[in-house]
Each structure stands twice: as structure tokens, then as C-alpha cells.
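Worksheet: one structure, shown below.
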């Protein structure tokens, strides 16, 4: 497991319709492109190990969603799943990627699906890792925070940080390295980050998956679904349900992993992704 001593910097920016987002690219410029999309309340940092491993064979693009991580956070910002889907389609155009492979985790799954089904983004293949894709979704804690965002936003900084630490830590089955937890919590504990944390929860609800859930049967590309067998945020049964709705989808349960599969079982997840991505090169 890597720690916060590892440098993880997104050195480029893109001014999209929902604000300026930061991004980076790893690997040979002429290698097959792969885009990694993170979820909530995380950042591209959760993909650092997988991205570096994939970069041996691929050109890997990573980015922080609008209002997350090192990307712009501001009052009145639209950071909903609808906005993220639009900005992802915009980013693909900015990068000049017509049919990249896409790997998306948690909310990133909905973002990638919306960009494809609603905004015409084309992918060579799609891997979904514990995605938010099917109703109902949202833990009890998530629903409580969303329904009372204005109240929680008034917490003193120390109490806010304690809440975020507990919440983020619960995504791991094995427990996060302290330095990793520090890095994931840090963006939400700045002057801009504290209100941004509640903003992104308040703005998202089930209607953003309801709009696309009935269209999963339209997917006509190779789809891999990876799921942490011990995920307490979204149970593995949702992975089985999703696999039944997507034509030809393959489901891989990863033992010993919770919702943050990237942290709990990075080698196992990377192995599954490498095998899936190599299939396109062997055809």
C-alpha cells in the first residue's frame, strides 16, 4: 500500500461548464488510452496505484471531479451527477479521445454512464468498480447528511474533520493507512472544502440514476463489473443485479475488499483491469 509520502499531483487544468478541474496523464503518449474516474467523497488519489500500474501499457488520464480534490470548489457550484456527466464528455473532447477505455468507481460509474448514454461519449470498453448505478442507493449516513446539509455545514472545523474521517474510513473493509486517510480527508477540511463536502451530498439524489437505469440494456460494448465482496456502502448484490441488466457484462467479486477496492485489494483489482484491457488488444 502506498502512503501520502508518494507525490500525486494533477498538473494540468481544464475550464469546464461546472468549473475548472485538474487532471494529469501517465504513460506513453502513443499507448492505448484509459480514463480513470473516481467517486465520492474521494479524489483521483484513490487511483494512484492502479494508474501507475496501468501506465506501463496505457496512456492513463486521471482527473478530480468538479468540486472535489484539487479541482475548483466555490459557492453556488453545480457539482451534481448531471454536471459531472457533462464535464466528463467535455474533457474527453478536450483530450481528443474518441473511444478510450474507461474505468469508473462509485459515483464515477454514474458519471461515465451518463456521459455515454446522454451525451454521446464513446468508449472502447467500460469497467465499473462498485458503481452507483441502481436504485435505491445512499447509506443512512449519506441520506442524513444530504437532508440536513445546512445544519452539518455549521459544525466547528474539528467536529467536521472528525465526521469526514469516520465517514471516509468506513469505505474500507481492511482499514485505511493513516497517511492515506489524511490525504483523502484533507481537501474537505479547508475553508473551501468544508462547505463543498456538504454541497456535493446535498445536490445528488436518485433521480440522476433513475434517468439512465432503464437504458443499461442499450449498452453495446464490453463491460466488466468489479465489486468488493465486503462492501457495506453498496452491497455486492447490486453488482449481481447490474450484471443482469447489462448485455454480456462480466462480474468479478473481490474478496477482502470493501467499497474502496483500490485501497483494500489493489493488486487483485489491477489484475482484473489489466486482463480486461488487454482483451481489446488481442482481438
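The values are calculated or read from the model by the stated rules, or taken from the named source; none is laboratory data. As the structure is a prediction and not an experimental result, all values here were calculated from the model. Glycine also receives a Cβ, built like all others from the backbone with ideal geometry; neighbour counts cover every protein chain displayed.
When you check residue 13 against the structure, is it free of Cβ contacts under 8 Å to residues at least 60 places away in the same chain, within 21 Å of residue 188 (Cα to Cα) and assigned to a strand (DSSP E or B), yes or no? Can you show your working first?
Details: free of Cβ contacts under 8 Å to residues at least 60 places away in the same chain: yes; within 21 Å of residue 188 (Cα to Cα): yes; assigned to a strand (DSSP E or B): yes.
Spelling it out, residue 13 is indeed free of Cβ contacts under 8 Å to residues at least 60 places away in the same chain, within 21 Å of residue 188 (Cα to Cα) and assigned to a strand (DSSP E or B).
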Query - Residues (free of Cβ contacts under 8 Å to residues at least 60 places away in the same chain, touching a helix residue (DSSP H, G or I) at 6+ places or on another chain (Cβ under 9 Å) and assigned to a loop (DSSP other than H, G, I, E, B)) located in the range 77-99 - result: 98
Query - In the range 100-124, the residues that are without any contact (Cβ under 8 Å) to a residue 40 or more places away in the chain and either closer than 21 Å to residue 19 by Cβ or outside any loop (DSSP other than H, G, I, E, B) (or both) - result: 115, 119, 121
Query raised in the report: Looking at the range 170-180, is at least one residue in contact with a helix residue (DSSP H, G or I) (Cβ under 8 Å, 6 or more places away or on another chain), without any contact (Cβ under 8 Å) to a residue 40 or more places away in the chain and farther than 22 Å from residue 132 by Cα?
Result: no
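Quick one: which of 252, 244 is farther than 16 Å from residue 58 by Cβ, over 20 Å from the mean Cα position of the chain (by Cα), at pLDDT 95 or above and not in a loop (DSSP other than H, G, I, E, B)? So that I can check it myself, show each step before the final result.
Values: 252 fails: over 20 Å from the mean Cα position of the chain (by Cα).
Of 252, 244, the one residue that is farther than 16 Å from residue 58 by Cβ, over 20 Å from the mean Cα position of the chain (by Cα), at pLDDT 95 or above and not in a loop (DSSP other than H, G, I, E, B) is 244.
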Report summary line: Residue hits (the range 29-60; surrounded by fewer than 24 Cβ atoms within 10 Å (Cβ to Cβ) and without any contact (Cβ under 8 Å) to a residue 40 or more places away in the chain) are 29, 30, 31, 52, 55, 56, 59
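Does residue 76 satisfy the condition of being surrounded by fewer than 22 Cβ atoms within 10 Å (Cβ to Cβ) and under 26 Å from residue 208 (Cβ atoms)? Let's see the steps before the verdict.
Details: surrounded by fewer than 22 Cβ atoms within 10 Å (Cβ to Cβ): yes; under 26 Å from residue 208 (Cβ atoms): yes.
Here the answer is yes, as residue 76 does meet what is asked.
Return the residue satisfying two criteria in turn: it lies in the range 2-28 and is out of contact with any strand residue (DSSP E or B) (no Cβ under 9 Å at 6 or more places or on another chain), under 28 Å from residue 165 (Cα atoms) and surrounded by fewer than 19 Cβ atoms within 10 Å (Cβ to Cβ), and of such residues it is modelled with the lowest pLDDT.
4
Kindly indicate whether any position in the range 157-164 is within 18 Å of the chain's Cα centre (by Cα) and over 26 Å from residue 227 (Cβ atoms). Give the steps one after another, and end with the answer.
Residues of the range 157-164 that are within 18 Å of the chain's Cα centre (by Cα), as a first pass: 164.
From what is left, the residues that are over 26 Å from residue 227 (Cβ atoms) are none.
Looking through the range 157-164, none of the residues is within 18 Å of the chain's Cα centre (by Cα) and over 26 Å from residue 227 (Cβ atoms).
Quick check on my filter: what residues within the range 51-76 are part of a loop (DSSP other than H, G, I, E, B), under 23 Å from residue 183 (Cβ atoms) and over 15 Å from the mean Cα position of the chain (by Cα)? Walk me through it before giving the result.
Initially, the range 51-76 is screened for residues part of a loop (DSSP other than H, G, I, E, B), giving 55-58, 64-76.
From what is left, the residues that are under 23 Å from residue 183 (Cβ atoms) are 55, 64-74.
Matches in the range 51-76: 55, 72, 73, 74.
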